[in-house]
Amino acid sequence: MLTVLLVVIILNFLMLHLAPGDIADTIAATMGGADEKDMIQLRTEYGLDQPFFIQLFQYVIKVAMLDLGNSHFYNMPVFDLIMERLPATLLLVFSAQIVSLSLGILLGVYAAQNPNGLSSLFVNMLSLFGYAAPVFWTGILLLIAFSLYIPIFPVAGMRDVTIESDNFFVHAFDVARHLFLPMITLASIFLAYYSRLCRASMLEVLGADFVRTAKAKGLSQRDILMKHALKNSLSPVITFAGLSFSAVVSGAILVETVYSWPGLGTLAFNSIIARDTPVLLGILIFSTLMVTVGNLLTDMVLRSIDPRIQGSQ
Amino acid sequence: MSHLDEQEEIQAKPSREMVGVFLRSYSALTGLIILIAVSIMGFIGPIFYTIDPFDMVWMPFSPPGADGYLLGTDYLGRDILSQIINGARVSIAIGFAAASVSCFIGVGIGAFAGFYGGWIEEILMRITEFFQVLPTLLFAMVIVALFGSSVLSITVAIGAVSWASVARITRSEFLRIKELDFVQASKASGSSDLNLIFLVILPNAAAPIIVQSALLVGAAITFEAGLAFLGLSDPNVVSWGQVIGANRTYILDATYTVTFPGIAIFVTVLAISLVGDGLNDALNPKLRSR
């Protein structure tokens, strides 16, 4: 996990180094130009005249001390800015993962009982849709449908500022109402993948010997499905869900932009428009951190449902 | 020479059969026809439909069908049909080019990792794992934001972040095939390593790699659309995602400006995925009975 972070930080530095222009150019540009002498002074101030590896080392140390530089658009430290936005993204990413995973498993199990029936067809159609429809487009369509034509959900944001109440539940309900559409949009893609995978894995398990044994013992269909087959077919689905975390975070960026959800995605969008590179690099570091934490959690879940997985694998 | 001819004939039969399997599957054939139609629209269409996608031709936000503009006009009064026709070329070209880039990187890394094993494999697979953890869209955003948004940098950025799956598949195929007899025979007869990798093993590992690459083309098209939606697109060309991104602010007034380019992306990527499924059925005889 630490290596992954270190590599991201080094990669960030490399890209900054290779990209045309440097920080002195940016500052000179915002000041409206600087002469040769000032440029040299600026470069010395920011350590840009040091050898490559010393610069790299200094950059890594700086990031390790949580100093990600300053945002020149918001005029505040990048770290504080990210901390302010991180909870919204975490809420969106994890709720979408949980919803898509649980619905996907339900749908997959249901479809596997009838491999050639309507539900299987539905799962297949859904997976085609999930692959082909760009997530931001799905989001816009849902927004048009459920905020414009049937106005049951708010158009944008995370909170309704007009609500005056000290009750925690009123606010929680308000956030949930705002969360619903973005979450469903993001979950729809992954629901498609998970349900298809769960159906396939369930079909494989249902043909196994131990399921036949369970049937021969006279267990009810429900017991066979839920107690014997499901537990054995879950691990590929969960493994895939873990691998999907980086895709979920990528999708969250687009979904947040559609719904103006005040998380890292909208921040990234705004910092692209404002050419605010330090913020963008900071977001890259933190979203990678989020994915690695998600992977760790997946490993823990996998280990708890499948005792055969042990050790550091 | 006669020996070679004989070999070709042995190989020719199954491949003709594969084409048959591919064409007999209606969904794969439909996908292929749609894909060809969209490509023709993008590459030849502008000759017949001569309205410039950047020209302001009419009042902004005129709805579809009105005033002779079939799909209406956008917030600057540009013809949306023309944008979709011209966008097809860019979207499809970027999709195929980016998928080729990731195929190139992925096959290279996977092949060397699988063939050599040991510490080479360890290092290369660590790099691959890293690219699976990295949120690819963000990384591509950073690349394009730093190196400028030209068609080239966008293509390279998409290709450079989405090769991990190809590398994994290539590696596992290489691990399996390199132990087979004909590879050992070729090794014993003194083939060089590069010869073994690219002329002996790779052709036999091609099937799953081709299927995965086909899926990557579709993924690259949506990827490009996502970048364009966020404002990271080449301002000198028009692409489907760019049309959606440009009109995003006005969706509540003019829903069609977003709906039609989205349908174009959806149908094209769907067609590619159907072709990919067909290729999978044709190239994987083991799965055919399912």
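List of remarks:
- Residue within the stretch A:120-136 that is within 14 Å of chain B (Cβ to nearest Cβ), open to solvent by less than 10 Å² (accessible area, probe 1.4 Å) and among the aromatic types (F, W, Y) present: yes
- Hits in the stretch B:259-282 - residues which are polar (S, T, N, Q) and either within 16 Å of A:L126 (Cα to Cα) or assigned to a loop (DSSP other than H, G, I, E, B) (or both): B:S273
- Long-range neighbours under 8 Å by Cβ, at least six apart or interchain, first residue under 13 Å from A:S195 (Cα atoms) within the stretch A:85-102, second of a type in the set (S, T, Y) and part of a helix (DSSP H, G or I): A:S100/A:S188; A:S100/A:Y194; A:L101/A:Y194
- Any hit, the stretch A:279-298, residues being free of Cβ contacts under 8 Å to residues at least 24 places away in the same chain, at the interface with chain B (Cβ under 7 Å from one of its Cβ atoms) and either open to solvent by 10 Å² or more (accessible area, probe 1.4 Å) or among the β-branched types (V, I, T) (or both): no
- Subset of the stretch B:236-258 [of a type in the set (V, I, T), crowded, with 19+ Cβ neighbours inside 10 Å and either within 11 Å of chain A (Cβ to nearest Cβ) or in a helix (DSSP H, G or I) (or both)]: B:V243, B:I244, B:I251, B:T255, B:T257, B:V258
- Cβ pairs under 6 Å, 6+ apart, first in the stretch B:250-262 and farther than 15 Å from A:W137 by Cβ, second polar (S, T, N, Q): none
- Positions within the stretch B:141-167 being open to solvent by 20 Å² or more (accessible area, probe 1.4 Å), over 13 Å from B:L227 (Cα atoms) and not in a helix (DSSP H, G or I), in sequence order: B:S162
- A single entry from B:I265, B:I209 fulfils the requirement of being facing another protein chain (nearest Cβ under 10 Å), in contact with a Gly (Cβ under 9 Å, 6 or more places away or on another chain) and of a type outside the set (F, W, Y): B:I265.
- Sub-8 Å Cβ pairs linking a first residue in the stretch A:244-255 that is more than 8 Å from chain B (Cβ to nearest Cβ) to a second residue that is surrounded by fewer than 24 Cβ atoms within 10 Å (Cβ to Cβ) and among the aromatic types (F, W, Y), at least 6 apart or interchain, are A:S244/A:Y193, ordered by first then second residue.
- Evaluation of B:T170 against (1) open to solvent by less than 20 Å² (accessible area, probe 1.4 Å); (2) away from chain A (no Cβ under 14 Å); (3) not in a helix (DSSP H, G or I) (one fails), failing number: (3)
- Some residue of the stretch A:62-81 being open to solvent by 70 Å² or more (accessible area, probe 1.4 Å) and either among the small types (G, A, S) or modelled with pLDDT of 80 or more (or both): yes
- Residues being facing chain A (nearest Cβ under 9 Å) and touching a residue at least 24 places away in the same chain (Cβ under 8 Å) - total across the stretch B:141-163: 3
- Number of the condition not met by A:R43 [criteria: (1) within 22 Å of A:S250 (Cβ to Cβ); (2) touching an Asp or Glu at 6+ places or on another chain (Cβ under 7 Å); (3) not hydrophobic (A, V, I, L, M, F, W, C)]: (1)
- Flag for B:L138 being part of a helix (DSSP H, G or I), buried (at least 22 other Cβ atoms within 10 Å of the Cβ) and either under 16 Å from the mean Cα position of the chain (by Cα) or of a type in the set (A, V, I, L, M) (or both): yes
- Residues in the stretch B:71-83 that are under 24 Å from the mean Cα position of the chain (by Cα) and buried (at least 24 other Cβ atoms within 10 Å of the Cβ): 2 in all.
- The one condition in (1) within 10 Å of chain A (Cβ to nearest Cβ); (2) in a helix (DSSP H, G or I); (3) surrounded by fewer than 21 Cβ atoms within 10 Å (Cβ to Cβ) that B:T222 fails to fulfil: (3)
- Pairs, first closer than 19 Å to B:R78 by Cβ in the stretch B:29-50, second of a type outside the set (D, E) and surrounded by 15 or more Cβ atoms within 10 Å (Cβ to Cβ), C-beta under 6 Å, six or more apart: B:M41/B:I85; B:M41/B:A88; B:G42/B:A88; B:G42/B:R89; B:G42/B:I92; B:G45/B:I85; B:P46/B:N86; B:Y49/B:I85
- Search result, residues across the stretch B:116-142 that are of a type in the set (A, V, I, L, M) and within 18 Å of B:S153 (Cα to Cα): B:L137, B:L138, B:A140, B:M141, B:V142
- Of all residues making up the stretch A:161-180, the number that are among the acidic types (D, E) and assigned to a helix (DSSP H, G or I): 1
The values are calculated or read from the model by the stated rules, or taken from the named source; none is laboratory data. Predicted model, so just to flag it, every value in this text is computed and none were measured. A quick note on method: Cβ atoms are made from the backbone with ideal geometry, for glycine too, and the neighbour counts reach across all protein chains shown. Heads up: the accessible areas ignore ligands, DNA and RNA and are worked out on the full protein's heavy atoms, side chains in. Shrake-Rupley method; radii C 1.70, N 1.55, O 1.52, S 1.80 Å.
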